[in-house]
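First up is the structure itself, then whatever we jot down about it.
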Ligand SMILES: Nc1ncnc2c1ncn2[C@@H]1O[C@H](COP(=O)(O)OP(=O)(O)O)[C@@H](O)[C@H]1O
Ligand SMILES: Nc1ncnc2c1ncn2[C@@H]1O[C@H](COP(=O)(O)OP(=O)(O)O)[C@@H](O)[C@H]1O
Ligand SMILES: [Mg+2]
Ligand SMILES: [Mg+2]
Ligand SMILES: [Mg+2]
Ligand SMILES: [Mg+2]
């Protein structure tokens, strides 16, 4: 692990989306560990086992914030977290995938807690992208 | 053009994100024309000329709804729309990229107007992704 | 009524036959209110399940259904994968080391499976999902126990599937359509109907052609 | 004071020299509150501009600055590309077919450029952006006209750049930091300071070493 920051796990039905998003975020904040999981057998979908491996690859005692694209990804992600084992600092952010991840990585880069990182991601919902 | 539906233009700082997103959306609704623009010279960024070309490739009199990832994409997108020429049915959606695009493509697939498609995209902000 | 590993295999193989036959139909249902892959998901998932169980000797129902659930989770990338997968895993946990069970135990194990679906997907009755078939069917099995009439089970599963037509989707991709999801039968409710239809046919003792 | 195509080239080449020298510094400013590419963006963009203008004979200021603006829009993928690009395009439109201009005309053309930045980026004074240097500097040039003291211009640009340190970013990527953007100088304000510093040096008549 790179440091003491909160890690981020990005899940999408399409691998390209999260792999591109990770590139975007790495530029903003190279010091935050980001894991990705997307697609299943090279098709659109998600895979609980793959999500579990991704989670394992970035989990530290600082915690992990998980963002996902669509509801069915959440179903598999919760399954993955259960398989990974209980009582861990893992928070699902009810946040838009791209915008939430951006806010989360900035927040994590500042060294904040897993709750603060999740809150930052969720605040991205309120973000006004087009000002008047 | 495939049909009479409203087209969608997706803009990101990273090509992979919008190319993956287009795959995801095509599965949901193959009948909606989706154009993408992302990156600049294979790096992170956006390019007004590339956005203009993408816009041109899907513009019809039914209109186009534009979604983007970050503010600087909006700056280039507005420049692109200006270069494309005024008085067109083009709406920028103040919406999360992935979730808004999903809602927009569903709405467009139902044959609704450009305003309705943009509204659907913007409503994705309110979407509760994790229910209690 | 007794249900053992041979009956279980019979059930899954029969269900797979239905899913292969109805693959296009399920897909068309999902095209209307989802992403058009439910037929593919179910047909591929259960084909893999059948491949997996074909060459294995199972000494009890628990290990058999664990393989069914795991394979679905591993192979199906849509909501149906982890939902049906979880259902079969919870089912298997109720049937640990059981070689055969009666109708009451079957109902109880299916009730645990339904609980798994509910907690995994957080759908409630009326949300236009597989729960709308599972819940009433499992209720019937629990209340009838050993006296269950398989034809009544088939009738109820079909009726409840049909009832999803008038519902507004609150969960899954169809929820994006809001009220516009009304007027379409839910694909998952339909595959769940096949699941219970296949089970009822096995309970009736219909012959097992692989 | 007169400003012609040779002065214009001098300005852009000088600005490019500063940007190449300060590339790492600008990048470090952007690493603190953005994505760490402002040095790269500016250095690459103006290198391309210099390449473009090097071999071309320009008969007026309008065509010269149109090339500057277009090249920036074409080559720089961050916010600074379309913002500086639009500025130079609007500037060029004010200078259509002009071979040389005086200080008053220069101020007016820069005022149009600032208007372009404002309408493109919708940033206001105090938002911690390039506007925080452009607006006061253009105001000074407009009010001083032919009496402008270039050293005063340099002093003001530096002061206004420094002032961004205490501001909370409201636009651009730094806005994601909210109050935590306070305490850092804005990278764009810094590159804008170089832009006006280079202009002032040309206006002072400093020698032109390519
Ligand atoms: N949260 C949920 N709870 C219960 N069932 C659900 C849920 N989400 C979706 N479903 C069921 O899954 C079906 C769709 O499955 P499928 O098409 O295979 O997955 P996906 O929607 O991910 O493409 C729906 O018709 C619905 O019955
Ligand atoms: N909307 C805006 N209006 C004016 N200036 C802006 C705006 N957004 C960003 N900037 C300026 O652009 C600078 C960042 O430029 P750069 O790093 O090249 O682009 P990016 O932020 O897209 O990576 C900021 O420091 C700020 O001065
Ligand atoms: Mg589907
Ligand atoms: Mg699917
Ligand atoms: Mg930058
Ligand atoms: Mg950038």
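The values are calculated or read from the model by the stated rules, or taken from the named source; none is laboratory data. Predicted model only: the values in this text are computed from it and were never measured. For neighbour counting, all protein chains shown are included, and Cβ atoms are generated from backbone atoms with ideal geometry for every residue, glycine included.
Kindly indicate whether any position in segment B:82-91 is crowded, with 24+ Cβ neighbours inside 10 Å, within 14 Å of the chain's Cα centre (by Cα) and either more than 16 Å from ligand 2 (Cβ to nearest atom) or at pLDDT 95 or above (or both).
First, the residues of segment B:82-91 that are crowded, with 24+ Cβ neighbours inside 10 Å: none.
No, segment B:82-91 has no match at all.
Scanning segment D:163-183 for residues that are farther than 15 Å from residue A:110 by Cβ and either facing another protein chain (nearest Cβ under 8 Å) or within 16 Å of ligand 3 (Cβ to nearest atom) (or both) gives D:171, D:172. Quick check, is residue D:25 buried (at least 22 other Cβ atoms within 10 Å of the Cβ), at negative phi and either within 16 Å of ligand 5 (Cβ to nearest atom) or not in a helix (DSSP H, G or I) (or both)? So residue D:25 fails the test.
Does segment C:106-126 hold any residues that are surrounded by fewer than 22 Cβ atoms within 10 Å (Cβ to Cβ) and part of a loop (DSSP other than H, G, I, E, B), and which are they? Correct list: C:122, C:124, C:125, C:126. Taking each residue of segment D:152-179 that is free of Cβ contacts under 8 Å to residues at least 40 places away in the same chain and within 16 Å of residue A:28 (Cα to Cα) and looking for partners that are more than 16 Å from ligand 5 (Cβ to nearest atom) and in a loop (DSSP other than H, G, I, E, B) with beta-carbon atoms closer than 7 Å, six or more apart or interchain, yields D:178/D:168. The single residue among D:157, D:189 that is more than 16 Å from ligand 5 (Cβ to nearest atom), away from chain A (no Cβ under 14 Å) and surrounded by 23 or more Cβ atoms within 10 Å (Cβ to Cβ) turns out to be D:157. Taking segment B:82-121 only, how many residues are closer than 29 Å to residue D:74 by Cα and within 14 Å of chain A (Cβ to nearest Cβ)? So the count comes out to 12.
Being farther than 23 Å from residue C:85 by Cα, away from chain C (no Cβ under 14 Å) and either in contact with a strand residue (DSSP E or B) (Cβ under 6 Å, 6 or more places away or on another chain) or not in a strand (DSSP E or B) (or both) is a description that applies to residue A:20. The set of residues in segment A:34-61 being crowded, with 20+ Cβ neighbours inside 10 Å and more than 9 Å from every other protein chain (Cβ to nearest Cβ) consists of A:34, A:35, A:36, A:37, A:50, A:51, A:52, A:54, A:55, A:59. Within segment D:34-56, restricting attention to residues that are farther than 28 Å from residue A:26 by Cβ and modelled with pLDDT of 95 or more, the residue that is surrounded by the most Cβ atoms within 10 Å (Cβ to Cβ) is D:49. Please pick out the residue among B:67, B:25, B:9, B:79 that is part of a helix (DSSP H, G or I), away from chain D (no Cβ under 14 Å), in contact with a helix residue (DSSP H, G or I) (Cβ under 9 Å, 6 or more places away or on another chain) and modelled with pLDDT of 95 or more. After applying the criteria, what remains is B:25.
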